[in-house]
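The values are calculated or read from the model by the stated rules, or taken from the named source; none is laboratory data. If you're wondering where the values come from, they're calculated on a predicted model, not measured in any experiment. Cβ placement follows ideal geometry from the backbone for every residue including glycine, while neighbour counts extend to all protein chains displayed. Accessible surface areas use protein heavy atoms only, side chains included; no ligands, DNA or RNA. Shrake-Rupley method; radii C 1.70, N 1.55, O 1.52, S 1.80 Å.
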Amino acid sequence: MKMNNGASLVVFSGGQDSTTCLFWAKKHFSKVYALSFVYGQKHVGEVEIARHIAEKAGVHFDVMDVSFIGSLGRNSLTDTSIKMDEEKPEDGCPNTFVPGRNLFFMSIAAVYAREHGINHLVTGVSQTDFSGYPDCRDSFIKSLNVTLNLAMDEQFVIHTPLMWIDKSQTWALADELGVLDLVRNETLTCYNGVKGDGCGHCPACKLRNEGLNKYLLSKK
Ligand code: ZN
(Lines give C-alpha, C1' and ligand atoms only; values in the text may rest on other atoms or scores of the structure.)
Protein backbone atom coordinates (compact mmCIF):
# COMPACT_ATOMS: atom_id res chain seq x y z
CA MET A 1 0.00 0.00 0.00
CA LYS A 2 1.24 3.49 -0.80
CA MET A 3 1.96 5.72 2.19
CA ASN A 4 0.55 8.60 0.26
CA ASN A 5 -1.20 9.01 -3.04
CA GLY A 6 0.61 12.23 -3.71
CA ALA A 7 3.77 12.99 -5.60
CA SER A 8 7.27 13.25 -4.26
CA LEU A 9 10.46 14.86 -5.47
CA VAL A 10 13.77 13.08 -4.85
CA VAL A 11 16.97 15.10 -4.76
CA PHE A 12 18.89 12.74 -6.98
CA SER A 13 22.60 12.42 -7.75
CA GLY A 14 22.72 8.91 -9.16
CA GLY A 15 24.75 7.70 -6.16
CA GLN A 16 23.99 4.77 -3.85
CA ASP A 17 22.04 6.78 -1.29
CA SER A 18 19.80 8.84 -3.53
CA THR A 19 19.15 5.87 -5.85
CA THR A 20 17.99 3.82 -2.86
CA CYS A 21 15.79 6.79 -1.89
CA LEU A 22 14.40 6.96 -5.42
CA PHE A 23 13.15 3.39 -5.21
CA TRP A 24 11.95 3.97 -1.63
CA ALA A 25 9.91 6.90 -2.98
CA LYS A 26 8.54 4.74 -5.81
CA LYS A 27 7.27 2.31 -3.19
CA HIS A 28 5.58 4.98 -1.10
CA PHE A 29 4.30 7.58 -3.57
CA SER A 30 2.17 7.25 -6.66
CA LYS A 31 4.25 9.69 -8.69
CA VAL A 32 7.97 10.34 -8.35
CA TYR A 33 10.13 13.10 -9.76
CA ALA A 34 13.94 13.07 -9.65
CA LEU A 35 15.89 16.31 -9.67
CA SER A 36 19.66 16.41 -10.28
CA PHE A 37 22.07 19.29 -9.96
CA VAL A 38 25.09 20.39 -11.91
CA TYR A 39 27.20 22.28 -9.36
CA GLY A 40 30.61 22.34 -10.97
CA GLN A 41 31.48 18.81 -9.82
CA LYS A 42 34.50 17.31 -11.55
CA HIS A 43 32.51 14.32 -12.72
CA VAL A 44 29.69 15.87 -14.69
CA GLY A 45 29.15 12.38 -16.14
CA GLU A 46 27.25 11.71 -12.93
CA VAL A 47 24.28 13.60 -14.36
CA GLU A 48 24.10 11.18 -17.30
CA ILE A 49 24.32 8.26 -14.88
CA ALA A 50 21.46 9.81 -12.90
CA ARG A 51 19.41 10.31 -16.06
CA HIS A 52 19.94 6.69 -17.06
CA ILE A 53 18.84 5.36 -13.64
CA ALA A 54 15.78 7.65 -13.63
CA GLU A 55 14.80 6.28 -17.06
CA LYS A 56 15.15 2.73 -15.80
CA ALA A 57 13.05 3.60 -12.77
CA GLY A 58 10.46 5.25 -15.00
CA VAL A 59 10.40 8.53 -13.12
CA HIS A 60 10.30 12.09 -14.38
CA PHE A 61 13.84 13.52 -14.51
CA ASP A 62 15.13 17.08 -14.55
CA VAL A 63 18.47 18.83 -14.11
CA MET A 64 19.20 22.22 -12.57
CA ASP A 65 22.43 24.05 -13.22
CA VAL A 66 23.72 25.63 -10.00
CA SER A 67 27.39 25.76 -11.00
CA PHE A 68 27.84 29.03 -9.15
CA ILE A 69 27.91 27.23 -5.79
CA GLY A 70 31.20 25.53 -6.72
CA SER A 71 32.84 28.88 -7.32
CA LEU A 72 31.54 30.45 -4.11
CA GLY A 73 33.62 28.30 -1.76
CA ARG A 74 36.75 26.24 -2.35
CA ASN A 75 36.44 22.46 -2.08
CA SER A 76 38.07 19.42 -3.64
CA LEU A 77 34.93 18.16 -5.38
CA THR A 78 34.75 21.14 -7.70
CA ASP A 79 38.33 22.46 -7.70
CA THR A 80 40.83 20.20 -9.47
CA SER A 81 43.78 22.07 -7.91
CA ILE A 82 42.89 20.82 -4.41
CA LYS A 83 43.98 17.34 -3.39
CA MET A 84 41.09 15.44 -1.90
CA ASP A 85 41.18 14.53 1.82
CA GLU A 86 41.28 10.75 2.02
CA GLU A 87 40.43 10.75 5.72
CA LYS A 88 38.14 12.95 7.78
CA PRO A 89 40.41 15.49 9.56
CA GLU A 90 40.35 15.66 13.38
CA ASP A 91 39.15 19.25 13.31
CA GLY A 92 36.08 19.73 11.19
CA CYS A 93 34.99 18.89 7.66
CA PRO A 94 36.96 17.12 4.95
CA ASN A 95 37.73 19.35 1.95
CA THR A 96 35.16 17.41 -0.08
CA PHE A 97 32.55 19.47 1.78
CA VAL A 98 30.74 21.86 -0.58
CA PRO A 99 29.51 24.62 1.76
CA GLY A 100 25.78 25.19 1.52
CA ARG A 101 25.23 22.42 -1.01
CA ASN A 102 22.24 20.77 0.66
CA LEU A 103 20.81 24.14 1.62
CA PHE A 104 20.88 25.25 -2.04
CA PHE A 105 19.69 21.90 -3.37
CA MET A 106 16.77 21.55 -0.98
CA SER A 107 15.69 25.18 -1.43
CA ILE A 108 15.69 24.85 -5.22
CA ALA A 109 13.99 21.46 -4.96
CA ALA A 110 11.23 23.02 -2.84
CA VAL A 111 10.61 25.80 -5.37
CA TYR A 112 10.56 23.21 -8.16
CA ALA A 113 8.21 21.00 -6.13
CA ARG A 114 5.87 23.91 -5.46
CA GLU A 115 5.67 24.63 -9.19
CA HIS A 116 4.69 21.01 -9.81
CA GLY A 117 2.21 20.74 -6.95
CA ILE A 118 4.44 18.37 -4.96
CA ASN A 119 4.78 18.65 -1.19
CA HIS A 120 6.90 15.61 -0.35
CA LEU A 121 10.67 16.04 -0.69
CA VAL A 122 13.04 13.11 -0.32
CA THR A 123 16.78 13.32 0.36
CA GLY A 124 19.38 10.63 1.03
CA VAL A 125 21.29 12.46 3.76
CA SER A 126 22.38 10.42 6.77
CA GLN A 127 23.57 11.52 10.16
CA THR A 128 25.00 8.05 10.86
CA ASP A 129 27.66 8.25 8.15
CA PHE A 130 27.68 12.00 7.81
CA SER A 131 31.47 12.27 7.31
CA GLY A 132 31.52 15.59 9.13
CA TYR A 133 29.13 17.36 6.75
CA PRO A 134 26.91 19.58 8.93
CA ASP A 135 24.17 19.79 6.29
CA CYS A 136 23.52 16.04 6.51
CA ARG A 137 22.37 16.23 10.12
CA ASP A 138 18.80 15.73 11.24
CA SER A 139 18.68 19.08 13.09
CA PHE A 140 19.59 20.92 9.87
CA ILE A 141 16.92 19.11 7.83
CA LYS A 142 14.23 19.74 10.46
CA SER A 143 15.18 23.39 10.69
CA LEU A 144 15.19 23.74 6.91
CA ASN A 145 11.79 22.07 6.67
CA VAL A 146 10.33 24.74 8.96
CA THR A 147 12.13 27.49 7.04
CA LEU A 148 10.92 26.30 3.63
CA ASN A 149 7.35 26.11 4.87
CA LEU A 150 7.57 29.63 6.29
CA ALA A 151 9.34 30.95 3.19
CA MET A 152 6.65 29.76 0.77
CA ASP A 153 3.64 29.31 3.06
CA GLU A 154 3.54 25.64 2.07
CA GLN A 155 3.33 22.33 3.93
CA PHE A 156 6.41 20.56 2.63
CA VAL A 157 7.42 17.32 4.30
CA ILE A 158 11.08 16.38 3.98
CA HIS A 159 11.61 12.61 4.11
CA THR A 160 15.03 11.23 5.05
CA PRO A 161 14.77 7.42 4.83
CA LEU A 162 18.51 6.98 5.49
CA MET A 163 18.95 9.45 8.35
CA TRP A 164 19.49 6.91 11.12
CA ILE A 165 20.81 3.93 9.21
CA ASP A 166 24.41 3.11 8.27
CA LYS A 167 25.78 2.06 4.89
CA SER A 168 25.25 -1.66 5.42
CA GLN A 169 21.62 -0.99 6.37
CA THR A 170 21.28 1.18 3.25
CA TRP A 171 22.37 -1.85 1.21
CA ALA A 172 19.83 -3.94 3.12
CA LEU A 173 17.14 -1.41 2.19
CA ALA A 174 18.14 -1.54 -1.50
CA ASP A 175 17.90 -5.34 -1.32
CA GLU A 176 14.49 -5.15 0.34
CA LEU A 177 13.35 -2.83 -2.45
CA GLY A 178 14.62 -5.35 -5.02
CA VAL A 179 17.33 -3.11 -6.45
CA LEU A 180 20.55 -4.34 -4.83
CA ASP A 181 22.18 -5.22 -8.16
CA LEU A 182 20.98 -2.04 -9.84
CA VAL A 183 22.38 0.09 -7.02
CA ARG A 184 25.61 -1.89 -6.99
CA ASN A 185 26.26 -1.74 -10.74
CA GLU A 186 24.59 1.42 -12.04
CA THR A 187 25.25 4.07 -9.41
CA LEU A 188 28.21 6.40 -9.00
CA THR A 189 29.37 7.20 -5.47
CA CYS A 190 33.14 7.31 -6.07
CA TYR A 191 34.84 10.71 -5.79
CA ASN A 192 37.11 9.64 -8.66
CA GLY A 193 34.17 9.10 -10.99
CA VAL A 194 34.33 5.31 -11.29
CA LYS A 195 30.86 3.75 -11.60
CA GLY A 196 29.74 0.66 -9.65
CA ASP A 197 32.28 -0.67 -7.16
CA GLY A 198 34.41 2.45 -7.77
CA CYS A 199 38.13 3.20 -7.42
CA GLY A 200 38.21 1.46 -4.04
CA HIS A 201 40.37 3.97 -2.16
CA CYS A 202 38.54 7.32 -1.98
CA PRO A 203 36.53 7.99 1.23
CA ALA A 204 33.21 7.45 -0.58
CA CYS A 205 34.33 4.08 -1.95
CA LYS A 206 35.69 2.97 1.42
CA LEU A 207 32.40 3.76 3.14
CA ARG A 208 30.32 2.18 0.38
CA ASN A 209 32.42 -0.99 0.06
CA GLU A 210 32.76 -1.55 3.81
CA GLY A 211 28.98 -1.27 4.11
CA LEU A 212 28.42 -3.68 1.23
CA ASN A 213 30.84 -6.26 2.63
CA LYS A 214 29.26 -6.00 6.06
CA TYR A 215 25.78 -6.48 4.58
CA LEU A 216 26.77 -9.40 2.34
CA LEU A 217 28.48 -11.14 5.28
CA SER A 218 25.39 -10.65 7.46
CA LYS A 219 23.25 -12.41 4.82
CA LYS A 220 25.32 -15.59 4.90
ZN1 ZN B 1 36.42 5.96 -5.27
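I'd like the FRET efficiency for residue 152 and residue 48, computed as 1/(1 + (r/R0)^6) with the beta carbon distance as r and R0 of 45 Å, rounded to 0.05.
0.90
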**Message:** Longer than 22 Å from Cα to Cα, which of 167/219; 142/206; 27/56 are they? Say none if no pair is.
**Reply:** 142/206
**Asked** Got a number for the accessible area of residue 53? Probe 1.4 Å, square angstrom, nearest 10.
**Response** 0
**Distance between modelled label sites at residue 107 and residue 138, nm, 7 Å Cα→Cβ extension** = 2.6
**Fill in**
Expected unfolding gain across residue 128-residue 218 under the 0.36 nm per residue rule, minus the alpha-carbon gap, is 30.5 nm
**Request:** Go through 166, 153, 65 and list them by solvent-accessible area, largest first, probe radius 1.4 Å.
**Result:** 153, 65, 166
**Item:** Amide proton proximity set for residue 36, modelled H, under 5 Å, gap of 5+
**Value:** 12, 62, 63, 64
**Request:** Using 0.36 nm per residue of separation minus the Cα-Cα distance, give me the extension gain between residue 64 and residue 197 in nm, one decimal.
**Result:** 45.2 nm
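Compute, for the range 22-73, the length of the dipole vector about the Cα centre, with Cβ point charges of +1 (Lys, Arg) and -1 (Asp, Glu) only. Units Debye, rounded to 20.
With only Lys, Arg, Asp and Glu charged at Cβ, the dipole is about 280 debye.
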